[in-house]
Every structure is written in structure tokens, then in C-alpha cells.
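*Asks:* Below is a structure I'd like to ask you about.
The values are calculated or read from the model by the stated rules, or taken from the named source; none is laboratory data. Note that the structure is a prediction, hence the values are computed from the model and not measured. Reconstructed Cβ throughout: ideal geometry from the backbone, glycine too, with neighbour counts over all protein chains shown.
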Amino acid sequence: MSQIQSFIEKARRYLRSAELLIQDGDYDSAVSRSYYAMFYLAQAALLKKKMTFTSHKAVISAFGRYFVKTEIFEKRLGRDLNIIFDERQLGDYESNFSISQDNACHTFERAQGFVNRVAEWLKSDLSDD
């Protein structure tokens, strides 16, 4: 299995985990898993272009530069990645902040859309490796 395929599989597992965490009422963790699913697919897309980055901010910035600004992906995907990164930061690191059920569900839906769209592009383009 290629590294890109591994990222796709991991993202799908993280989405399943996020869904279970929502059902369990652990909304902060659900947003974290949703974000990481998106992050892994952003990394996979960049890897497809032979690029790797070490920080989350660098991955997010490069995804915007090489995929959103070039219109390979829709602007909303870039916005969602940025917004959900910020939500994950708050949920993971701010002790007095907690994510609501509605927010966690909405985040999960946006993450699903991101993962499905990027995975579809990656799979259709895997033959170019």
C-alpha cells in the first residue's frame, strides 16, 4: 500500500472514530479526530505533488496555495481546513472551552465532505504516480 493510500485509510478510520465520539458525547475529541482526518488527506494531496511539511500550519498553508488558489479544490475546502484547525486547537488546549454537540456534528459533516472530495481526486489521479 502506498503512503497516499495509507493516509486515505487513516483518514477514513479517524472519521469513523469521530462519529463514535459524537455518539458518546465527547465532542472535543470528535472535532480533533475530524480535523486529523482532513489533515491526513491534505498531507496526501501534497505528497502527490512530491511535497512534505513538518508543521500543521505549513500543511494548511501549502494546501491553500497549491490546491485552493489553483482551483483544484473549492475555496470552501481551504476555509474548512483552517476553521477546523482552530476549533481543534481550542478543544485540545483550552481547558475552559468546550465544543457543543451541534458544532461537533457540523464539523464532522464538513470533514466528511473534505475527505470524500480529496480522496476522490487522489484515487482518480493515483495512476499518474
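*Asks:* What's the number of the condition Phe63 fails, among (1) more than 23 Å from Ile4 (Cβ to Cβ); (2) in contact with a Gly (Cβ under 7 Å, 6 or more places away or on another chain)?
*Replies:* (1)
*Asks:* Looking at segment 60-86, which of the residues that are touching a residue at least 12 places away in the same chain (Cβ under 8 Å) and outside any helix (DSSP H, G or I) is surrounded by the most Cβ atoms within 10 Å (Cβ to Cβ)?
*Replies:* Checked segment 60-86; the qualifying residue surrounded by the most Cβ atoms within 10 Å (Cβ to Cβ) is Phe73.
*Asks:* Given the criterion free of Cβ contacts under 8 Å to residues at least 60 places away in the same chain and within 17 Å of Ala18 (Cβ to Cβ), identify the matching residue among Tyr93, Tyr36.
*Replies:* Selected residue: Tyr36, the only one of Tyr93, Tyr36 that is free of Cβ contacts under 8 Å to residues at least 60 places away in the same chain and within 17 Å of Ala18 (Cβ to Cβ).
*Asks:* Only one of these conditions is not met by Glu19: (1) of a type outside the set (Lys, Arg); (2) farther than 13 Å from Ala111 by Cα; (3) over 13 Å from the mean Cα position of the chain (by Cα); (4) at pLDDT 95 or above. Which number is it?
*Replies:* (2)
*Asks:* Kindly provide the set of residues from segment 6-20 that are touching a residue at least 40 places away in the same chain (Cβ under 8 Å) and either in contact with a His (Cβ under 6 Å, 6 or more places away or on another chain) or not basic (Lys, Arg) (or both), ordered by number.
*Replies:* Phe7, Ile8, Ala11, Leu15, Ala18, Glu19, listed by residue number.
*Asks:* Just the residues that are of a type in the set (Asp, Glu) and out of contact with any Asp or Glu (no Cβ under 8 Å at 6 or more places or on another chain), please, taken from segment 56-96.
*Replies:* Matches in segment 56-96: Glu71, Glu74, Asp80, Asp86, Glu87, Glu94.
*Asks:* Ok, one more. Going through segment 97-108 one residue at a time, which ones are closer than 16 Å to Ser32 by Cβ and either in contact with an Asp or Glu (Cβ under 9 Å, 6 or more places away or on another chain) or part of a helix (DSSP H, G or I) (or both)?
*Replies:* Those that are closer than 16 Å to Ser32 by Cβ and either in contact with an Asp or Glu (Cβ under 9 Å, 6 or more places away or on another chain) or part of a helix (DSSP H, G or I) (or both): Phe97, Ser98, Ile99, Gln101, Asn103, Ala104, Cys105, His106, Thr107, Phe108.
*Asks:* Filter segment 45-59 down to the residues that are farther than 19 Å from Ile83 by Cβ and part of a loop (DSSP other than H, G, I, E, B), then identify the one that is modelled with the lowest pLDDT.
*Replies:* Thr54
*Asks:* Can you tell me which residue among Phe67, Phe53 is under 23 Å from Glu9 (Cα atoms) and touching a Phe, Trp or Tyr at 6+ places or on another chain (Cβ under 6 Å)?
*Replies:* Just a single option satisfies the conditions, and that option is Phe67.
*Asks:* Kindly provide the set of residues from segment 87-104 that are exposed (fewer than 15 other Cβ atoms within 10 Å of the Cβ) and modelled with pLDDT of 95 or more, ordered by number.
*Replies:* Gln101, Asp102
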